[in-house]
Amino acid sequence: MPAPLNAVVVSVLSLFCALAIAVYSAAEINIPVQRFLPNGVGIALGLLCLALILRFRDGFRRGLPVLLLIALLLLALPLFLESFNGVNRWVYLGPVSLQISAVVLPLLLYHSHRVGAEFPLLAVLPLIVASWLLFLQPDAGQSLALALASLPVLLRFKSQRTLMALGLLLAVPSVWVWRQEDPLFPVPEVEGVLYLILEIPRLGWPLCALAVTALLWPLVRTGLQRPLVQSFVLLIFGGIISATAGPLVNKVFPVPVLGAGISYVLGYFLMLALALLDEEQEQKIEASRA
């Protein structure tokens, strides 16, 4: 089986495993299975996006500067739309509400790693802009996730002063936004899904560990030694930290992929597609050096 197809099959099976655990935990408190239908739609659309990116990989790479600009504009767009209970995190497409940061952040990280070797400053600036946009929305969960995911990008800098200065510009909005109250109430099968899993009698902790492992494994197996994959794993891990720590400080945030909804599923498959592109490009670079 070709490597990309093998990776897709593994990711779909792993994602179904994680979602099955989430659906089971929700069913335990009589939440209808239909609440997770958007995740199925997200899987279908995510696979389509993955196939298109891999099919038109050369055009995708050439158009990366334009895609970067579009991504930042999309991240800023919710600030100009009608707020929902005081927050501006979503773009509305008819009946579908898309948390745009879930789709945009993987693309920003891919750009940063692709240009980081030659233009490290150009790699970090879009991440700093994104961090302040998340602060304005406000979205503490994604802001923390982005700060963690940016660490492999920052570590390219040799100068300790530059590293500290840029790290501070990223960290300030990520820390400051956590001082704000999140005005939205938690939805058990969305923001609270990890706690639902943990409440399953006798099996809560093992099933929660299995669900998180199932989410991370498809990305890890593409090559955890690569900085881009490290960033993607940290992005997911940051969301998990936010979801588990959030209720302790009167905050709740969506869990990547596991919570009911479409946005994070799309972002997950975008991460997989970009990880495969990055792996292919690294192999070409190594072959040219041989």
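The values are calculated or read from the model by the stated rules, or taken from the named source; none is laboratory data. Bear in mind that the values here come from a model prediction, so they are computed numbers and not experimental data. Virtual Cβ from ideal backbone geometry, glycine too; neighbours counted across all protein chains shown.
Observations on the structure shown:
- Near pairs, Cβ below 8 angstrom, 6+ apart or cross-chain, from the stretch 254-272 (farther than 24 Å from P227 by Cα and among the charged types (D, E, K, R)) to any residue that is surrounded by fewer than 24 Cβ atoms within 10 Å (Cβ to Cβ) and at pLDDT 90 or above: none
- Those residues of the stretch 59-91 which are surrounded by fewer than 15 Cβ atoms within 10 Å (Cβ to Cβ), of a type in the set (K, R) and under 20 Å from L127 (Cβ atoms), in sequence order: R61
- At least 1 residues being over 23 Å from S131 (Cα atoms) is the threshold, and among the helices (runs of 4 or more DSSP H) wholly inside the stretch 146-227 those reaching it are 193-198, 204-220.
- Breaking point among (1) without any contact (Cβ under 8 Å) to a residue 40 or more places away in the chain; (2) under 20 Å from the mean Cα position of the chain (by Cα); (3) in a helix (DSSP H, G or I), for I240: (1)
- Close pairs (6 angstrom Cβ cut-off, 6 or more residues apart or separate chains): under 16 Å from A71 (Cα atoms) in the stretch 98-125, part of a helix (DSSP H, G or I) and aromatic (F, W, Y) anywhere: A102/Y264
- Residue within the stretch 126-138 that is surrounded by fewer than 20 Cβ atoms within 10 Å (Cβ to Cβ), at pLDDT 90 or above, over 17 Å from L73 (Cα atoms) and within 17 Å of the chain's Cα centre (by Cα) present: no
- The stretch 174-184 - residue that is of a type outside the set (A, V, I, L, M), out of contact with any Ser or Thr (no Cβ under 8 Å at 6 or more places or on another chain) and free of Cβ contacts under 8 Å to residues at least 60 places away in the same chain and, of those, surrounded by the fewest Cβ atoms within 10 Å (Cβ to Cβ): R179
- Among residues of the stretch 45-80, those that are within 24 Å of L136 (Cβ to Cβ) and in contact with a Pro (Cβ under 7 Å, 6 or more places away or on another chain), counted: 2
- Against the numbered list (1) hydrophobic (A, V, I, L, M, F, W, C); (2) surrounded by fewer than 24 Cβ atoms within 10 Å (Cβ to Cβ); (3) modelled with pLDDT of 90 or more, L105 comes up short only at (2).
- In this structure, L248 does not qualify as at pLDDT 85 or above and either buried (at least 22 other Cβ atoms within 10 Å of the Cβ) or assigned to a helix (DSSP H, G or I) (or both).
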